[in-house]
1. Kindly identify the stretch 3-82 as rounded, prolate or oblate by the Cα gyration tensor criterion: order the square roots of the eigenvalues as a ≥ b ≥ c, call it rounded if a/c is under 1.5, otherwise compare a/b with b/c, prolate if a/b is larger, else oblate.
2. Mind checking the per residue accessible area of the chain for me, 1.4 Å probe, whole number of Å²?
3. Using 0.36 nm per residue of separation minus the Cα-Cα distance, give me the extension gain between Asp54 and Gln80 in nm, one decimal.
4. What list of ³J(HN,Hα) couplings, whole Hz, do you get for the stretch 21-28 from phi and the Karplus terms 6.51, -1.76, 1.60, once you set θ to phi - 60° and write x for glycine and proline?
5. What is the extension gain from Glu28 to Gln165, computed as 0.36 nm multiplied by their sequence separation minus the C-alpha to C-alpha distance, in nm to one decimal?
6. Given H placed on each backbone N at 1.01 Å, which residues far from Tyr33 in sequence or on other chains put an amide H within less than 5 Å of it?
7. Quick check for me: using +1 on Lys/Arg Cβ and -1 on Asp/Glu Cβ, what's the dipole size of the stretch 1-116 about its Cα centre, in debye to the nearest 20?
8. Which ³J(HN,Hα) values in Hz, rounded to whole numbers, follow from the phi angles of the stretch 101-111 under the Karplus curve 6.51 cos²θ - 1.76 cosθ + 1.60, where θ = phi - 60° and Gly and Pro get x?
Amino acid sequence: MNHDNFLQIAIDGPAAAGKSTQARMLAEKLGGYYINTGDMYRALAHAALQAGIDPEKNPEKLLALLPEWELEYQLDKENQPQLYFNGKPIAQDKLRNPQVTAIVSQVARIPQLREWMLDKQRRSRKLGLVIMEGRDIGSVVLPEAKFKFFITASPMERARRRLAQSSEVSSNASLEQVAEELQKRDFIDSNRELAPLRQADDAIKIVTDGMSKEEVSEMLADMVRKELP
Ligand code: CDP
């Protein structure tokens, strides 16, 4: 199938930089579909926990299960993309909790698992205008995307934002602990051998310190609208 690159928007950046919020807002403004590839890795991290597998010590056990697993975004009744794992919708509280967050980067650094994931991520292009968010979207998953944004913020600003998302951090976590967890994950994500976190050469970098969600979102939407055919 031929996929129109004008229908692809890639958003990458480090943890807790505000990518998800921006991808969601952009999808609303432009009438597109928001695809969260972090949730796809989180779904496998959740499945690893369920199966009692430590992805760092026994990646081969995780790889052995992949042929039995299916992962796909499908549209729900409200026409919104919903992630399905083995034919069942998977709820956000299964994906965004401290246990999953603690191991997801170990899951995402397994090269064969990333290869398995690539095809599942690219499949969502069939939906139409997709705003896909992650770490390697502009560089690896959708290198042909017409629009590529790399969204970031200073480490302390990101830690403050993550701490405000209470469901994603342990209830008694301090700002320093959250900053350390983000730093650990960014280190693994940036230094893995396959598809590390990096800004694609043709991506536009946006540092969001001191900007409101709405300001960033308007800036992105303006850039896209100017170029749309
Ligand atoms: O929302 P947050 O910034 O915490 O991270 P996420 O987007 O949910 O991604 C969780 C983890 O999945 C990342 O730390 C990466 O290890 C991995 N990931 C990846 O390797 N490649 C992607 N395209 C997206 C996520």
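The values are calculated or read from the model by the stated rules, or taken from the named source; none is laboratory data. On a predicted model such as this, the values are computed, not experimentally measured, just so you know. All Cβ positions, even for glycine, are placed from backbone atoms using ideal geometry, and neighbour counts span all protein chains on display. All accessible areas refer to the heavy atoms of the entire protein, side chains included, with ligands and DNA or RNA removed. Shrake-Rupley method; radii C 1.70, N 1.55, O 1.52, S 1.80 Å.
1. Numbers: a/c = 2.46, a/b = 1.89, b/c = 1.30.
Cα axes put the stretch 3-82 in the prolate bin.
2. Numbers: 11360 Å² over 229 residues.
On a per-residue basis, the chain sits at 50 Å².
3. Details: separation 26, 0.36 × 26 = 9.36 nm, distance 3.27 nm.
Taking Asp54 through Gln80 to full extension adds about 6.1 nm, to one decimal.
4. 4, 5, 4, 5, 5, 5, 4, 5
5. Details: separation 137, 0.36 × 137 = 49.32 nm, distance 2.12 nm.
Full-extension gain reported as 47.2 nm.
6. Counting only residues 5 or more places away or on other chains, the set is Leu129, Val130, Ile131.
7. Working: 12 positive and 14 negative charges, 60 e Å.
The dipole of the stretch 1-116 has a size of about 280 debye.
8. Values per residue, Gly and Pro as x: 4, 5, 10, 4, 5, 6, 5, 6, 8, 7, x Hz.
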